[in-house]
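*Asks:* Here's a structure for you.
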Amino acid sequence: MNFDEQRMLMVTRQIQARGVHDRRVLDTMARIPRHLFVSESRLSSAYGDFPLPIGEGQTISQPYMVATMTESLGLSGNERVLEIGTGSGYQAAVLSELAQEVITIERVESLGNAARKRLAELGYGNVEVIVGDGTLGWPDGAPYQGVMVTAGAPSAPTPLLQQLDVGGRLVVPVGERHTQILEIHTRQEKDKYKVHRETACRFVNLIGKHGWS
Ligand code: SAH
């Protein structure tokens, strides 16, 4: 099977079949060449139903996880979105096609630099990659209509909640070091947040001032 066929099956069997229905998310993931975000030795597994190592002990998330987290932000195309945990840059590429502008922060410099280069080469002009501690957020770009954390946190980092626009959503895996629950925080009013807890999940640790030590 070629990559296009594998990608179509990924969308129908792994993502749609599990209940992700947002057409824009499905179409975007059917288009983005995920195999260009994994190392050459992993090419044949690029569309598998699991996370994959991307070096430095980190992973690119399972396709279904990318889809359901993206869907939960409810993007319509005009948003400025902040992602914490750039990793390979794949999730940032998905967000960049669904929002106006994406700022993504990576703690590991080598991963951040590689993702910046990859995203530029693939023509994702509306993504800015920053190397640093994403648990602090990025006040210069605030407020954000969507914030996504792609690493597991002990709790939703306060700066990220503060940098959320009214009406905006923060999706973050929260729990223990080895297992988390996906939380979706909505800023309903300036001082009023609502939280929904969804699927159990397993992410690498969010390390930083408002994460794990
Ligand atoms: N979204 C990525 C996968 C992320 S894996 C993708 O699509 O490929 C989680 C990433 O979060 C790792 O690269 C890890 O280095 C990074 N990370 C962990 N703590 C962080 C922090 N405080 N700030 C920014 N990035 C962090």
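*Asks:* Residue pairs, Cβ under 6 Å, 6 or more apart or interchain, first in segment 134-149 and more than 16 Å from HIS185 (Cα to Cα) and among the aliphatic types (A, V, I, L, M), second part of a helix (DSSP H, G or I) and at pLDDT 95 or above. List them.
*Replies:* Final answer for the pair search is LEU136/PRO159.
*Asks:* With LEU43, LEU26 as the choices, which residue is assigned to a helix (DSSP H, G or I), of a type in the set (A, V, I, L, M), within 15 Å of LEU95 (Cα to Cα) and more than 12 Å from the ligand (Cβ to nearest atom)?
*Replies:* Selected residue: LEU26, the only one of LEU43, LEU26 that is assigned to a helix (DSSP H, G or I), of a type in the set (A, V, I, L, M), within 15 Å of LEU95 (Cα to Cα) and more than 12 Å from the ligand (Cβ to nearest atom).
*Asks:* In the set GLY123, GLY167, GLY146, which member is in a strand (DSSP E or B) and surrounded by fewer than 18 Cβ atoms within 10 Å (Cβ to Cβ)?
*Replies:* Result: GLY167 is the single residue among GLY123, GLY167, GLY146 that is in a strand (DSSP E or B) and surrounded by fewer than 18 Cβ atoms within 10 Å (Cβ to Cβ).
*Asks:* In segment 46-102, how many residues are closer than 20 Å to PHE3 by Cα, polar (S, T, N, Q) and touching a His at 6+ places or on another chain (Cβ under 9 Å)?
*Replies:* Residues meeting the conditions: 0.
*Asks:* Could you list, in sequence order, all residues of segment 18-70 that are under 21 Å from ALA200 (Cα atoms), buried (at least 17 other Cβ atoms within 10 Å of the Cβ) and of a type in the set (D, E, K, R)?
*Replies:* Scanning segment 18-70 gives a single hit, ASP22.
*Asks:* Among the residues of segment 170-211, write down those that are in a loop (DSSP other than H, G, I, E, B), over 15 Å from the mean Cα position of the chain (by Cα) and either more than 15 Å from the ligand (Cβ to nearest atom) or under 23 Å from GLY141 (Cβ atoms) (or both).
*Replies:* GLU176, THR179, LYS190, ASP191, GLY208, LYS209, HIS210, GLY211
Okay, residues lined up against (1) within 22 Å of MET8 (Cα to Cα); (2) not polar (S, T, N, Q):
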| residue | (1), (2) |
| --- | --- |
| GLU40 | yes, yes |
| LEU43 | yes, yes |
| ILE54 | no, yes |
| VAL66 | yes, yes |
| ILE84 | no, yes |
| GLN91 | yes, no |
| ILE103 | no, yes |
| GLU109 | no, yes |
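*Asks:* Can you find a residue in segment 78-85 that is in a loop (DSSP other than H, G, I, E, B), more than 8 Å from the ligand (Cβ to nearest atom) and of a type in the set (D, E, K, R)?
*Replies:* Within segment 78-85 (the criterion being in a loop (DSSP other than H, G, I, E, B), more than 8 Å from the ligand (Cβ to nearest atom) and of a type in the set (D, E, K, R)), the answer is yes, since at least one residue qualifies.
*Asks:* I would also like to ask the following. Kindly indicate whether VAL166 is within 14 Å of the chain's Cα centre (by Cα) and either closer than 16 Å to ILE103 by Cβ or at pLDDT 95 or above (or both).
*Replies:* Criteria not met by VAL166.
*Asks:* Going by the conditions given, is THR104 in a helix (DSSP H, G or I) and not small (Gly, Ala, Ser)?
*Replies:* no
*Asks:* Could you list, in sequence order, all residues of segment 134-162 that are among the polar types (S, T, N, Q) and within 11 Å of the ligand (Cβ to nearest atom)?
*Replies:* Within segment 134-162, THR135, THR150 qualify.
The values are calculated or read from the model by the stated rules, or taken from the named source; none is laboratory data. Computed from a prediction, not measured in an experiment: that's the story for all the values here. No Cβ is skipped: glycine too gets one built from the backbone with ideal geometry, and neighbour counts run over all protein chains shown.
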